[in-house]
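Structure, as structure tokens:
What follows draws every value from the coordinates through simple rules; no lab data is involved. All values derive from a computational prediction rather than experimental measurement. Ideal geometry is used to build each Cβ from the backbone, glycine not excepted, and the neighbour counts take in all protein chains shown.
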Amino acid sequence: MTTMFLHPGKRLGSNYELEAIVGTGQFGQVWRARKLNPPSDSPVALKVPVDPHRGEEVLMADGKYMLDLPKHPGVVAVNWQGRIGTMWVVEMEFVNGAPLSRLMADEVAWSKVTFEDIIRWFTGIAESLAFLHEHEIAHGDIKPDNLLLDEASGRLKITDFGTSRRLTDNLIRTFRHAGAWAYQAPEIQQANQRGAVSDLFSVGAVLYHVTTGRLPRASIHELLTSAPITRPRQFNPEIPAELDTLIMELLIDDPHRRLPTASVLRSRFQALLPVRHPEKVPTLQPLPPGVGYLDRAASLLAEGRKEEAREAASTATLHSTGLVPALELYARLSDELGYTDDAINAYKRLLALEKTPGETRRSAETQLADLLLRLHRYEEAEAYVEAAIRTDPVPRSMLFKAAVVLGACTKLERSLTLLDHLLVQDARDGAALEKKALVLWMMHRYEDAAQTARDVLTLMPDSEICLKRLIDYETLNGNARRAEHYRKQLAAVIGEG
């Protein structure tokens with residue numbers, strides 16, 4: 001799988017035409033696009049991986065719980081996700097507006113924002129979170145980057161559900177300390193758990209930032225040690241007293257003593273709405289520099305200075321506080337920048353630590369397996385991916401990754417078993433069906449492979465892998481006309497753009 005060059009005017013199969021890039025994150029890009037099939041006058045937002053080797057798994061998580069969710073005016077809708085050719089694509093509602101973080105960075109625009117605006121915006125956020133929590137979804141990454149200010153409605157809309165999880169009880173295990181630490185609840189960093197009340201802490205942290213220009217805790221060290229939080233009004237006496245109290249109730253460290261639900265938060269905000277608060281919000285000051293090496297690494301990474309961020313993360317691994325996230329960051333950056341031996345050693349060190357949380361351990365095993373696979377060290381890769389799927393419950397994305405690795409290691413029967421397990425859970429999983437067709441072909445089960453490839457094309461008509469297998473199959477069987485039919489279809493797919 002190779003990285004595709006995207007540009008305005010590029011067509012993705014027969015489905016979309018890219019118009020303009022509207023955002024770039026760690027794993028994906030978001031494009032405004034025109035929908036071609038079926039045609040539509042309204043633009044859509046497309047999220048695509050920056051690098052298919054790294055970004056697909058995260059993007060697949062975006063729509064995992066959101067596709068079947070009813071529409072809500074405060075939540076960016078996920079309309080569809082699937083593979084177009086070799087690229088995984090998530091189609092979302094297009095919001096004509098900037099993230100809150102961009103507005104906060106615009107000194108002129110921010111000078112016009114009042115406390116009345118903030119109370120109105122976050123009344124809507126509370127309503128949206130109440131909707132998500134009622135449908136048993138914890139967002140997990142509430143931060144200014146993930147709150148879009150819709151120009152048409154004037155409300156903030158929640159987006160980016162790549163770290164969302166189902167709520168099975170009050171607190172659930174989370175994946176790799178997902179989300180930005182600056183707005184995270186302490187139970188996530190300290191105990192690797194989160195729930196609906198963790199989203200409420202994040203709302204409080206964002207409110208603290210927008211009303212004071214500061215973070216409630218300026219470093220991961222302060223978060224991990226539960227350093228006291230200064231009341232917002234001590235920094236900004238213009239903050240309404242009721243809002244100051246509400247923010248502090250959201251920022252209580254003990255999740256059982258925190259404001260209990262988003263519905264309660266909505267009611268508290270609604271009580272503030274009739275009271276006018278025309279005071280201007282203060283100019284936001286640059287965030288204070290972090291006191292720890294890991295904070296410096298995160299700051300450098302945000303500036304795109306990856307080499308320096310890697311060096312800072314390396315220094316952070318020499319200190320006990322924050323060792324696990326430091327090793328994670330160092331391993332990832334080492335891999336990304338081509339220091340493969342350093343990445344392997346960092347992942348192995350992470351796996352050797354007793355305090356590494358289970359989900360972090362499983363993720364490290366998978367990343368290490370993927371790295372070893374790229375280095376053609378197949379037997380080592382196989383050992384780590386088998387370890388990653390040994391403990392139940394195993395996420396679908398993990399099972400799929402294991403099937404890919406085992407297939408590359410020529411453990412075809414084992415790969416097929418995992419793919420069949422995925423398809424029992426979801427018979428219309430196009431990615432798993434596509435991989436199954438390839439595995440069956442490698443096992444010389446050509447008729448089964450061809451039938452599976454046909455099934456894939458009903459879901460993903462632009463699958464290059466399956467079109468190529470069907471061309472080979474029909475050619476081997478002397479069906480020149482059918483082979484030519486698939487050959488023309490393939491030419492239409494790869495000839496776009």
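A compact table of results
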read-out	value
In order through the range 248-253: 3J(HN,Hα) via Karplus (6.51 cos²θ - 1.76 cosθ + 1.60), integer Hz, x for Gly, Pro	5, 5, 6, 9, 5, 5
Separation in nanometres of the label points that stand 7 Å from Cα toward Cβ, at Leu353 and Met443	4.0
Residues Asp341, Asp41, sorted so that the one with the fewest Cβ neighbours within 10 Å comes first	Asp41, Asp341
Pairwise label distance in nanometres, Thr114 with Gln234, each label 7 Å out on the Cα-Cβ vector	3.0
Nonlocal amide H pairs with Gly28, under 5 Å, H built at 1.01 Å	Val50
The range 464-470 - phi-based ³J(HN,Hα) in whole Hz, Karplus 6.51/-1.76/1.60, Gly and Pro as x	5, 4, 6, 4, 5, 5, 6
Cα-based reach from Lys468 at 16 Å (exclusive), listing aspartates and glutamates while leaving out same-chain residues under 8 positions away	Glu434, Glu447, Asp448, Asp455, Glu484
